[in-house]
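The values are calculated or read from the model by the stated rules, or taken from the named source; none is laboratory data. This structure is a prediction, so every number in the text was calculated from the model and none was measured. Here the Cβ is made from the backbone with ideal geometry for all residues, glycine too, and neighbour counts use every protein chain on show. Just the protein is used for accessible areas: all its heavy atoms, side chains included, with ligands, DNA and RNA removed. Shrake-Rupley method; radii C 1.70, N 1.55, O 1.52, S 1.80 Å.
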Amino acid sequence: MKKRVLHRDHSDLGLLALRLGTGAVLAAHGAQKLFGWFGGGGLEGTAQAMESMGFKPGRQNALAAGLGEAGGGVLIALGLATPAAGAAAAGTMAGAASVHAPNGFFSTSGGLEHPGYLGWSAAALGLTGAGRYSLDHVTGHRLDRSWMVPAAFVVSGIAAACVIRRRAAALAQAAPAEPDGAQDS
């Protein structure tokens, strides 16, 4: 008699673990920005920090970043509206990575390692979907339709590019002009 071997696909468990970890970290960072939890600056402190980093107006950018992280993180962890949640979090992390990029890759030197990793993880989850152990699955994927993936990533990509471009322009405008005669011959 032949022994029957059951095949178990653990990819749904892997997606759940990745969603919970990535979502929790994003949600905690967003809660720092929005509410001042976990040692964060809250909306006012974050708004001041955003202004100093060139994200103007600071309050609106702080609110958008906090909602992108906290909202995207909670939705990713729950596996609800996963394409939109992943795209929103990835777009938010693109803005954060733009701040850290001049410092190189590794976070030990203030680089983009951490926001880059969170952004790529959120994007990957938005692209792959939440898996079987998710609210998207429970709701019959009402907020996770195939057309939502490209739409969410196009909108998020355009929004992130606009925010990063506006920040670059604000930083360039705020840079001190070189005094006459200071240019190389």
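Go through segment 13-55 and give me each residue that's polar (S, T, N, Q) and surrounded by 15 or more Cβ atoms within 10 Å (Cβ to Cβ). Full working, then the answer.
Our first condition is that a residue be polar (S, T, N, Q); within segment 13-55, this holds for 22, 32, 46, 48, 52.
Selection gives 22, 32, 46.
Any chance segment 84-107 includes a residue that's open to solvent by 60 Å² or more (accessible area, probe 1.4 Å), farther than 26 Å from residue 154 by Cα and in contact with a Leu (Cβ under 8 Å, 6 or more places away or on another chain)? For segment 84-107, residues open to solvent by 60 Å² or more (accessible area, probe 1.4 Å), farther than 26 Å from residue 154 by Cα and in contact with a Leu (Cβ under 8 Å, 6 or more places away or on another chain): present. Picking from residues in segment 61-83 that are touching a Leu at 6+ places or on another chain (Cβ under 7 Å) and without any contact (Cβ under 8 Å) to a residue 40 or more places away in the chain, the one that is most open to solvent (accessible area, probe 1.4 Å) is 63.
Against the definition (out of contact with any Lys or Arg (no Cβ under 9 Å at 6 or more places or on another chain), open to solvent by less than 30 Å² (accessible area, probe 1.4 Å) and farther than 21 Å from residue 124 by Cα), how does residue 58 come out, yes or no? Judged against the criteria, residue 58 is a match. Just one of the listed residues (125, 112, 118) is open to solvent by 40 Å² or more (accessible area, probe 1.4 Å) and under 18 Å from the mean Cα position of the chain (by Cα), and it is 112. Can you confirm whether segment 118-132 contains a residue that is among the β-branched types (Val, Ile, Thr), assigned to a helix (DSSP H, G or I) and free of Cβ contacts under 8 Å to residues at least 24 places away in the same chain? No, that holds for no residue.
Among the residues in segment 98-110, are any touching a Gly at 6+ places or on another chain (Cβ under 8 Å), assigned to a helix (DSSP H, G or I) and hydrophobic (A, V, I, L, M, F, W, C)? Yes; the residues of segment 98-110 include at least one that is touching a Gly at 6+ places or on another chain (Cβ under 8 Å), assigned to a helix (DSSP H, G or I) and hydrophobic (A, V, I, L, M, F, W, C).
Considering 77, 64, which residue is closer than 23 Å to residue 16 by Cβ, under 16 Å from the mean Cα position of the chain (by Cα) and small (Gly, Ala, Ser)? Write out each step before concluding.
Numbers: 64 fails: closer than 23 Å to residue 16 by Cβ.
When all the criteria are applied, what remains is 77.
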